[in-house]
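Just so you know, all these numbers are worked out from the coordinates, no wet-lab data involved. What you are looking at is a predicted structure, and each value in this text was computed from that prediction instead of being measured. Please note: Cβ atoms are built from the backbone with ideal geometry, for glycine as well, and neighbour counts cover all protein chains shown.
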Amino acid sequence: MRQIVAERFVYLYRGELFTVITILPLSWFGNRVFPQLQLFELSAFWMSLFLFELLLIQGAWYWYSKWRRLKKEGTSNTPKLVVRRLRHCRVINIILIVLTTCTFGIDWMRFQSELPVYGLRITLFLYIFAIFEYINYFHIQLMYDNRSDVQYLIRNRRLKRSALNKDMQRLRKVV
């Protein structure tokens, strides 16, 4: 069972890192092939991309720390230091979410009638996806990609609290 959990942690942290690494070249490629989208001219695009990348890095760090602890100490409890730092990151993430919303307004005023609508739609999609990523890590698990998660959904008919949320609750009870 420990080996299955360890493999799951590796899958999760590598998946997050893969996305972190590939989204930048994909953005560059998309902007290069479709310059009419004007993605790189939108402040909201850069803020959304930064927020999304930051959340993915936090997620990769979280799963990596769980995997490393499981391998070294035989427990999948997240180290307290990691949970504390991610609790601080949660506040920073909320601030960035609000600031990103403001950059949409700034872009709206800056471009006015020349607003690159399709680029803005892609940016909005990226921003919403970043918010979902935030919710998935810090509040409610939104990704159900294995049998036990799906069985939980069927059995309980509700979404699970995220693993990080449970860790933060556990740490709050200890302190």
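Across the options 52, 33, 152, the greatest Cα extent toward the positive end of the charge dipole of the chain (unit charges at beta carbon of Lys, Arg, Asp, Glu) belongs to 152. Volume per residue of the convex hull around the Cα atoms, evaluated for the chain, comes out as 133 Å³.
The amide H of residue 161, built 1.01 Å from its N in the peptide plane, has 141 as neighbours under 5 Å, considering only residues 5 or more places off or on other chains. Computed on segment 2-174, with alpha-carbon pairs under 8 angstrom and 6+ residues apart, the relative contact order is 27 percent. A Cβ-based charge dipole, computed about the Cα centre of segment 2-174 with Lys and Arg at +1 and Asp and Glu at -1, lands at about 1400 debye.
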